[in-house]
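Asks: The structure follows.
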Amino acid sequence: MEWGLRGARAPARRILGLRLVAIGGFVLLWGLVSGAVVLFRLFNPIFLPGPWVVVGEVVTLAVKGTLWVHLGATLGRVAIGFTTGAVLAVALGLAAGRLRPVRNVVEPLIELLRPVPPLAVLPLFIVWVGIGEASKIGFITYATFFPMFLTTVHGVRQIDPLLLRAAQSLGARRHQLFLRVVLPAALPDVLTGLRLGIALAFFVIVISEFIGAEHGLGYLINDGRNFFLVPQMLGAAIVLGFLGWAGSALLRLLERRITHGQQAGA
């Protein structure tokens, strides 16, 4: 049994029930507020459509096929940008965590670029590679790289030196030490960085699709803003939220399976 700071871990069904109650409570409150706006004429109801109106708009877009075109465009950009950022961040993070010369070269550059907001870099990507797919993918790669790199470096550097010495004393070679000790020990931090990265990817894709995009959920939001289609804006935002949650949930599931596998192997 796992124990936390406040006692035993709650059963999975209870956790799921609490989450469903929280979501249901939010939707109920949303519906009550939007209904009160219509009933008491507090302001124009177009500014706050009810959840049933938003869901109806999403269903309409799905039936027409429009939603799937925009969804595919967004998922494609996120998949390429996030994967590129993850490969670069994990590879460079593992090297920087293990090798001091690499860390001494890379760390100053990372600390210099990391505080620069991704939104400030987007115009540079547009100037360098245009407003096509390359700028959007590069923007996602840049934004997601830093949290994944930092968590990877932290995961490698927090490994107990005694564990490394013990493996070396047993005759482990450099590649064996990396594959059987360093990588498994750093994996939880790496997966945490990937979860941060996937959430950030769905966050910044909206910004990149505001500029020069003809398809994508961010384009749907911007198009709704231009023509005052508030249900479309909220519907696309909710779909983005579900996508980010699904990506994070898949990585959590992968993390649990790897952790259980390591424990079973031990």
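Asks: Using a 1.4 Å probe, how large is the accessible area of HIS175, given in Å² and rounded to the nearest 10?
Replies: Taking all protein chains as shown, HIS175 has close to 110 Å².
Asks: Report the Rg/Rh value for segment 152-266, based on alpha-carbon coordinates and the Kirkwood definition of Rh. If you can, show how the numbers build up before the last one.
Replies: Numbers: Rg = 21.1 Å, Rh = 17.1 Å.
Dividing the radius of gyration by the Kirkwood radius yields 1.23.
Asks: Moving on to the next point. Suppose we keep just the alpha-carbon trace of the chain; what are its Rg and Dmax in angstrom?
Replies: Just the Cα atoms of the chain yield Rg and Dmax of 22.8, 78 Å.
Asks: Got a number for carbon plus sulfur as a percent of segment 15-60's accessible area, 1.4 Å probe?
Replies: Working: 2690 of 3340 Å².
Ligands and nucleic acids excluded, carbon and sulfur reach 81 percent.
Asks: Can I ask one more? Please report, as a whole percent, how much of the solvent-accessible surface of segment 83-235 comes from carbon and sulfur atoms (probe radius 1.4 Å).
Replies: On the way: 5520 of 8120 Å².
That share works out to 68 percent.
Asks: Ok, one more. Calculated from DSSP H runs of 4 or more alone, at -39500 (n - 2.57) each and per residue, what is the 222 nm mean residue ellipticity of the chain, nearest 500?
Replies: Computed ellipticity for the chain at 222 nm equals -27500 deg cm²/dmol.
Asks: Summing Lys, Arg as +1 and Asp, Glu as -1, what charge do residues with Cβ under 12 Å from the Cβ of LEU194 carry, LEU194 excluded?
Replies: Cβ neighbours under 12 Å give a net charge of 0.
Asks: Can you tell me, using C-alpha contacts under 8 Å and at least 6 residues apart, the relative contact order of segment 91-149 as a whole percent?
Replies: Relative contact order for segment 91-149 comes out at 32 percent.
Asks: Give the accessible surface of the chain per residue, rounded to a whole number of Å², with probe radius 1.4 Å and ligands, DNA and RNA excluded.
Replies: Roughly 61 Å² per residue, with all protein chains present.
Asks: Next question. Apply the Karplus parameterisation 6.51 cos²θ - 1.76 cosθ + 1.60, with θ equal to phi minus 60°, to every residue of segment 52-67 and state each ³J(HN,Hα) to the nearest whole Hz, in sequence, with x for glycine and proline.
Replies: 5, 5, 5, 4, x, 5, 4, 4, 4, 4, 5, 5, 5, x, 5, 4
Asks: Please tell me the relative contact order of the chain in percent, rounded to the nearest whole number, where contacts are Cα pairs under 8 Å and at least six residues apart.
Replies: Relative contact order comes out at 22 percent.
Asks: Given +1 on the Cβ of Lys and Arg, -1 on the Cβ of Asp and Glu, and no further charges, what dipole in debye does the chain carry about its Cα centre, rounded to the nearest 20?
Replies: On the way: 23 positive and 11 negative charges, 205 e Å.
Roughly 980 debye for the chain.
Asks: Still on this structure, I have one more. Pop a pseudo-label 7 angstrom from the Cα along the beta-carbon direction at both LEU29 and TRP128 and give the gap in nm to one decimal.
Replies: Going by the 7 Å Cα→Cβ label model, 4.2 nm.
Asks: Further question on the same structure: Can you give the accessible area of MET233 in Å² (nearest 10), computed on protein heavy atoms with a 1.4 Å probe?
Replies: Its heavy atoms expose roughly 50 Å² to the probe.
Asks: Compute the distance in nm between two label points, each set 7 Å from the Cα along the Cα-to-Cβ direction, one at ARG41 and one at LEU163.
Replies: Each label point lies 7 Å from its Cα, and together they span 6.8 nm.
Asks: How high is the relative contact order of segment 137-213, in percent, with contacts defined as C-alpha pairs under 8 Å that are six or more residues apart? Before the final figure, lay out each step's value.
Replies: On the way: 53 pairs, mean separation 40.4, N = 77.
Over segment 137-213, the number comes to 52 percent.
Asks: Rounded to two decimal places and with Rh computed the Kirkwood way over Cα pairs, what is Rg over Rh for segment 95-234? Numbers along the way, then the final one.
Replies: Working: Rg = 20.2 Å, Rh = 17.6 Å.
The Rg/Rh ratio comes out at 1.15.
Asks: Then there's this: Leaving out ligands, DNA and RNA but keeping every protein chain, what accessible area does TYR142 have, in Å² rounded to the nearest 10, with a 1.4 Å probe?
Replies: 40
Asks: Hey, could you get me the Stokes-Einstein D for segment 15-167, Kirkwood radius over alpha-carbon pairs, 37 °C and 0.692 mPa s, rounded to whole µm² s⁻¹? Walk me through the numbers before you get to the answer.
Replies: Working: Rh = 20.0 Å.
Value of D from the Cα-based Kirkwood radius: 164 µm²/s.
The values are calculated or read from the model by the stated rules, or taken from the named source; none is laboratory data. Since the model is a prediction, treat every value here as computed from it, not as a measurement. Every residue, glycine among them, receives a Cβ derived from its backbone with ideal geometry; neighbour counts consider all protein chains shown. The accessibility values were calculated without ligands, DNA or RNA, using every heavy atom of the protein model including side chains. Shrake-Rupley method; radii C 1.70, N 1.55, O 1.52, S 1.80 Å.
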